[in-house]
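The values are calculated or read from the model by the stated rules, or taken from the named source; none is laboratory data. All figures in this text were calculated on a predicted structure; none of them were measured in a lab. As a convention, Cβ positions derive from the backbone with ideal geometry for all residues, glycine included, and neighbour counts pool all protein chains shown. Side chains are part of the model used for accessible areas, which takes the heavy atoms of the whole protein and leaves out ligands, DNA and RNA. Shrake-Rupley method; radii C 1.70, N 1.55, O 1.52, S 1.80 Å.
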Amino acid sequence: MTQKRNTAGTPLTGRIVVPGNPSYNAARMEYNRRFSKFPRIIVFCQRTQDVINAVKWARERGVRFRVRSGRHSYEGFSSVNGGLIIDVSEMNSVKVDRKNMVAHIQTGNPLARVYRKLWNKRLALPGGTAPDVGIAGLTLGGGIGLLSRKYGLTCDNLKQVKMVVASGRRGAKPIIANEKKHSDLLWASRGGGGGNFGIATEYTFRVRPIQNVSIYSITWKWRDLEKVFPAWQRWAPAVTNRLTSTIEVAAKQVGTIVSTGQLLGSGEELRRFIQPLLQTGNPVKVMVRTVPFIEATQFFAQGDLNLEPKFKITGAFGFKPLPREGVRVIRDFLSHAPNQHSTVWCQSLGGAGSAVSRISPTATAYPHRKAETVYELSARWRNDGEQQRNIQWVTRFRKALRPFVKGDYVNFPDLQIKNWPKAYYGVNVNRLKRVKRKYDPHNVFRFAQSIPVGKKSRQ
Ligand SMILES: Cc1cc2nc3c(=O)[nH]c(=O)nc-3n(C[C@H](O)[C@H](O)[C@H](O)COP(=O)(O)OP(=O)(O)OC[C@H]3O[C@@H](n4cnc5c(N)ncnc54)[C@H](O)[C@@H]3O)c2cc1C
């Protein structure tokens, strides 16, 4: 453990990395290599007191700071040039209380570690697919994945959060938010987005028993796009809530459409459920398997490995299937994609008894409850010279699809969206601002798209 004490005042405690240290370069890197920021100090906190000290240290000196866990922010929101990064990734204990079916999970855990620790007790938490996404950012923004339709978003399973918030003019203190105490902060932590109110250090989640699940993958050629995409969009929200599925249309150069999904049920049942898809177009590859849940998480993680290092992604929600003109927009854009790494991806969320859409849009900060699907439009590249073309393509694509879809998921943030508070938070914008004013009146926790402290939203 090291300490950094400038003059008098709170010391910075934890593992401290500064420019010139051999580990500085690795410590400053973000998942999205489009960003390459040079912080003045990175503090890897080991305990809550290190987090408190870091916030105080920064406030006492007027140093700007950002909060970081899994580093997966699409727009580089967890890093800062010339400031302090408060990183919680070395706070990663997972404690299971089987009697009460809850798990106490420190916010430095990546998803793969959460899944593994819970699987050891044959338990699961609904979460996302990429193994190294942080449980911290995932939960605060919502948390969608292959158990969503049955068990809800990750944030719907959040019962309690321990958070270090600003206190007075220069201080910081830990508080616990649950249904009884600071329930407004718990509400805001269920979809209000990372980095807005304080630094979450520990979550308490409801967990579920799990054993085997059945998974599928179906591949079609591009010529089936007009048949397959609408068929999936009608089928995915209508099928049992035990089945959550995805569809990804690759750029025309690649020429494939792939749908995958996971059923809490047998392989035989799954084969029956996917019949409508198998009877659409001409599937060229079909896989159906029953596997232990932990293997299913590894199967879905594969899609997030070996991707190009730089990317621009935007998101949206579908409240009904795309009409023919909407599918034509997808065809046009993916026919003229900047390279073979551009895709459109969708996951089912709502419909037939879905746990996501059973909750009211105002019951948690995540407002997109009635959406049937979530979209991701993405472009990836390697060399900086390709950046502008890729970003422009995503921006134009978003605009062209706008008549058919709505909003954006705060965990797929996009700096190009002008009225982002409305897009991310919909009906909940003003309530989130009230929570912000209560817990962070001096706007200590801020970044390019943090919730403003101002009274009125720009709606
Ligand atoms: C490859 C890939 C796959 C993905 N798959 C999914 C998926 O399946 N489902 C899904 O829902 N999302 C998915 N996402 C999006 C993901 O949920 C967001 O990127 C999320 O914000 C990442 O959280 P993080 O902790 O890894 O990132 P970070 O960059 O560390 O943090 C993200 C935001 O949260 C803030 N933050 C971080 N730690 C804390 C903390 N302890 N307290 C308060 N604020 C904090 C940061 O300041 C930043 O604003 C994926 C992203 C990527 C890149």
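Among residues that are under 24 Å from the mean Cα position of the chain (by Cα) and either more than 9 Å from the ligand (Cβ to nearest atom) or free of Cβ contacts under 8 Å to residues at least 12 places away in the same chain (or both), F65 is included. Condition first: touching a residue at least 40 places away in the same chain (Cβ under 8 Å) and more than 9 Å from the ligand (Cβ to nearest atom). Now tell me which residues in the stretch 110-125 satisfy that. Within the stretch 110-125, A112, Y115, R116, L118, W119, R122, L123, A124, L125 qualify.
Would you please name the residue that is farthest from the ligand (Cβ to nearest atom), looking only at residues in the stretch 155-169 that are in contact (Cβ under 8 Å) with a residue 24 or more places away in the chain and open to solvent by 40 Å² or more (accessible area, probe 1.4 Å)? My answer is R169.
Listed conditions (1) on the phi < 0 side of the Ramachandran plot; (2) surrounded by fewer than 19 Cβ atoms within 10 Å (Cβ to Cβ); (3) over 22 Å from the mean Cα position of the chain (by Cα) are all met by Y439, apart from (2).
Hey, could you check the stretch 269-285 for residues that are assigned to a helix (DSSP H, G or I) and hydrophobic (A, V, I, L, M, F, W, C) and say which is farthest from the ligand (Cβ to nearest atom)?
Of all residues in the stretch 269-285, those assigned to a helix (DSSP H, G or I) come to 269-273, 275-278.
If we keep only those that are hydrophobic (A, V, I, L, M, F, W, C) too, we end up with 270, 273, 277-278.
Numbers: L270: 21, F273: 22, L277: 21, L278: 25 Å.
Out of the qualifying residues, it is L278.
Sub-8 Å Cβ pairs linking a first residue in the stretch 399-419 that is among the aromatic types (F, W, Y) to a second residue that is more than 16 Å from the ligand (Cβ to nearest atom) and assigned to a loop (DSSP other than H, G, I, E, B), at least 6 apart or interchain, are F404/L322; F404/P323, ordered by first then second residue.
In this structure, is K370 out of contact with any Phe, Trp or Tyr (no Cβ under 7 Å at 6 or more places or on another chain) and either surrounded by fewer than 21 Cβ atoms within 10 Å (Cβ to Cβ) or aliphatic (A, V, I, L, M) (or both)?
Working: out of contact with any Phe, Trp or Tyr (no Cβ under 7 Å at 6 or more places or on another chain): no; either surrounded by fewer than 21 Cβ atoms within 10 Å (Cβ to Cβ) or aliphatic (A, V, I, L, M) (or both): yes.
No; evaluated as a whole, the condition is false for this residue.
Looking only at residues that are without any contact (Cβ under 8 Å) to a residue 24 or more places away in the chain and farther than 19 Å from N428 by Cα in the stretch 179-204, which one is farthest from the ligand (Cβ to nearest atom)? The residue in question is K180.
Regarding T314, is this residue under 30 Å from M29 (Cβ atoms) and open to solvent by less than 40 Å² (accessible area, probe 1.4 Å)? Explain how you work it out, then say what you get.
On the way: under 30 Å from M29 (Cβ atoms): yes; open to solvent by less than 40 Å² (accessible area, probe 1.4 Å): yes.
Against the criterion (under 30 Å from M29 (Cβ atoms) and open to solvent by less than 40 Å² (accessible area, probe 1.4 Å)), T314 qualifies.
What residue, among those in the stretch 211-236 that are open to solvent by 10 Å² or more (accessible area, probe 1.4 Å) and touching a residue at least 60 places away in the same chain (Cβ under 8 Å), is farthest from Q298 (Cα to Cα)? Checking each candidate, the answer is E226.
Here the stretch 137-154 is the region considered, the condition is being within 11 Å of the chain's Cα centre (by Cα) and open to solvent by 10 Å² or more (accessible area, probe 1.4 Å), and the residue that is nearest to the ligand (Cβ to nearest atom) is G137. Filter the stretch 401-417 down to the residues that are within 18 Å of P230 (Cα to Cα) and surrounded by fewer than 20 Cβ atoms within 10 Å (Cβ to Cβ), then identify the one that is farthest from the ligand (Cβ to nearest atom). The selected residue is P403.
Of all residues in the stretch 60-76, none satisfies being in contact with a His (Cβ under 9 Å, 6 or more places away or on another chain), over 27 Å from T246 (Cβ atoms) and in the same structural domain as L12 (by TED's automatic domain parsing).
Only residues that are open to solvent by 40 Å² or more (accessible area, probe 1.4 Å) and either basic (K, R) or in a loop (DSSP other than H, G, I, E, B) (or both) were counted across the stretch 177-192, and they come to 4.
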